[in-house]
Structures are given as C-alpha cells and as structure tokens.
1. In whole percent, and with a 1.4 Å probe on the protein chains, what portion of the accessible area of the chain is carbon and sulfur?
2. Quote the FRET efficiency, to the nearest 0.05, computed for ALA140 versus MET1 with a Förster distance R0 of 25 Å and r equal to the Cβ-Cβ distance.
3. Restricting to DSSP loop positions (anything but H, G, I, E, B) with no more than 12 other Cβ atoms inside 10 Å of their own Cβ, which trypsin sites (Lys or Arg not before Pro) remain in the stretch 218-289?
4. If you bin every alpha carbon distance in the stretch 129-254 into 5 Å steps from zero, what whole percent lands in each bin?
5. What percent does the relative contact order of the chain come to when contacts are Cα pairs within less than 8 Å and at least six residues apart?
6. To the nearest 0.05, what FRET efficiency results for VAL98 and GLU216 with a Förster distance of 56 Å applied to their C-beta separation?
7. So how far apart, in nm, are the two label points at ALA226 and ALA10 if each is 7 Å from Cα heading toward Cβ?
8. Skip the ligands, DNA and RNA, and give the accessible area per residue of the chain with a 1.4 Å probe, whole Å².
Amino acid sequence: MTVDALTDVAGLRVGHATRIGEGWLTGTTVVLAPEGGAVAAVDVRGGGPGTKETDALDPRNLVQKVEAVVLTGGSAYGLDAASGVMAWLEERGRGVRVGPDPAHVVPVVPAACVFDLGRGGEFRARPDAAVGRAAVEAAAGTEPGAPVAEGCVGAGAGAVVGALKGGVGTASTVLDSGITVGALVVCNAAGSALDPETGVLYGELFQGPVEHPAREVHEAARRRLAEADAANRRPTLNTTLAVVATDADLTKAQAQKLAGTAHDGIARALRPVHLLNDGDTVFALATGARPLAPAHPLALNDLLAVGADLVTRAIVRAVRAAVSVDGSGGTWPSYEELYGSR
C-alpha cells in the first residue's frame, strides 16, 4: 500500500518540527535515510542559496552516502538545525567512520534553508539545533511508509509563494519496472504558482483537464492578493527546496542528474524561478534497493522524467494544503481560502 509520499521509497522517513505562535512561524523538516545511508547528490540553481555540506555531494568527492537531509526555515541561521541532527546520528554511531572505534563517526548531513525571517513577527525566532533534533526524532519515531504531513508544517510553516501561503507537499509513483520514485518540496518562492489570468495553478496544467474558477471568484481573489501584498511590504527573499528519492541503485553522478532534471518540475509550477532572490535547491537520494536495468541504457530517462513530474505535483499539493496566516509578521491568504477545492 502506498501513501503518495516520499516515504513510499522504502527506508526513508520524514519528520517535522514546527514552531508557530508567540513570534514564531518557522520549522525544520528532516528526511532520514535507512541506516547505512543513501547515495546523495544536489543541484543548486537559485542565485541566493543557503546550504551546508553540499560540496561533499559532488560525485568527484569522497563521501558516497548520507544519513539525513535537512530542510529548514530561518535562512542561514536555521542551518544550525543540522547540528542537532548530526548529534542525534553520532549518538547512534551513524556516519562516515573516521577512527578505530565504531563510535568515531562524522555524520554528513547536507542542509538547505528557506527565507522566512520575521514572518511570525519576531526576526530572531528561527530554528536551532534543538529544533533539528526534534525533527529527526519525529522522523525516527514514524512507522515505515507512514504518511507525511503537508502544508504549514516543518520547513514549510513560514513559506510563502508570491502573495500566497506556501508549505510542504509530497508525491510518489511506481514505474513499470517496479522502481519507486518520490518527491518532497518546501514551496517558498519569489515567483507565483498562480496563472494571473485564470487563477489556475500552473502545476495543474500538466495534470490533465483543469476546471477554471468562476471569473467573479478569480477577480475577488486577485483583489485579496493585491491587498495582502501591499500590506506585507516585505522583501521577496525566498527559496524552493526539494528532495527527490528513489529505491533504484544509482551512482552519485546519476543521482546528480536526477537532482538537476527535477528542477524542471519547479519551473513548470512556479514562474519565474531560479532568480537572484531564490536559493532553489534539489537533493536526490537513492537507496539502491532495486537495479536500474543496466541492459537498457535509457532506463534512467524514465526515472528522470517522473522525478520532475513529481516535483510539480508536490508543489501543487503544498499550495493546496497550506492554510492562511494573518498575524503580526504578515498576511498570506491560502489558495483554498481564495478559490476553494473546486
């Protein structure tokens, strides 16, 4: 049984730590690999990224596998959440062995952040090592294949998309080969997810026939968004983050290609993307449980194509799962408030 989430890739677990209220609107999301790690890669295309340990994922470099990936709010300050995840992993002897004692390990925990500073009202309310530990403990405490909470949770708590509220979304599928592919996105973009002429989400245009909102609904939504945008008067310093994962046996170079093509999924659902204001970053994970049909040199293509499709679908789910925020840090209506489920 699948749950249409990143956790359909056997061995992967997802945990959120969310801080909302009393000046907070932020959080951290951890993707925890199976013990022994997963092959990992990254592709960064935004002009203003905030990342940690991404150089280690270069296929030319030593590290082959990672134990966890951290997605966090708090801009560069929030990268401290990865320290809490590292400490939790070290306590369990999980990481790159660097000494004669099994406890002598260095957990390699790549991380990336979104900008949400001050959105809850307090600029200094941002994730730290304790929030990171809470997120990895939440991940470890889930059952295998558990559903993943979406919307304003974890790193998506303070996410916005243009003038809309953003959040976390996830999706998965199983290829004809039996290989599973999943994606998880933190949608927090300077660009828009919304076609300004119709009110349709860009990402839904790639999923079949779309029911357009009534004109009067769309016009009312446009007015509401314009009012919210004018009231916020905050810089659009944003970032969309994604983790695309599979149970296929990929090399680091193949995983890096998967991370790169997954950016196409962002470009389909958000316009514009990869701006100087953004830090758009995609991680790829491969657990290696299934062979990639080496007799068929184009077998990787199917995986690459579906990875991008899943990122698009996860962005749609993130926007639809978000709830409106009207607080001291700003006002961001949700898509569902403006347009309903249709």
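The values are calculated or read from the model by the stated rules, or taken from the named source; none is laboratory data. Remember, it's a predicted structure, so these values are computed and weren't measured experimentally. Please note: Cβ atoms are built from the backbone with ideal geometry, for glycine as well, and neighbour counts cover all protein chains shown. Just so you know, the surface numbers come from the protein's heavy atoms only, side chains and all, with ligands and any DNA or RNA stripped out. Shrake-Rupley method; radii C 1.70, N 1.55, O 1.52, S 1.80 Å.
1. Of all accessible area on the chain, carbon and sulfur atoms account for 52 percent.
2. Values: r = 22 Å, r/R0 = 0.87.
The pair ALA140/MET1 has a calculated efficiency of 0.70.
3. Answer in residue order: ARG233.
4. 2, 8, 13, 17, 18, 15, 12, 8, 5, 2, 0
5. Values: 1001 pairs, mean separation 83.9, N = 342.
It rounds to 25 percent for the chain.
6. Numbers: r = 64 Å, r/R0 = 1.14.
Step by step, r from the Cβ atoms, then E = 0.30.
7. 5.5
8. Working: 13690 Å² over 342 residues.
Each residue of the chain exposes 40 Å² on average to a 1.4 Å probe.
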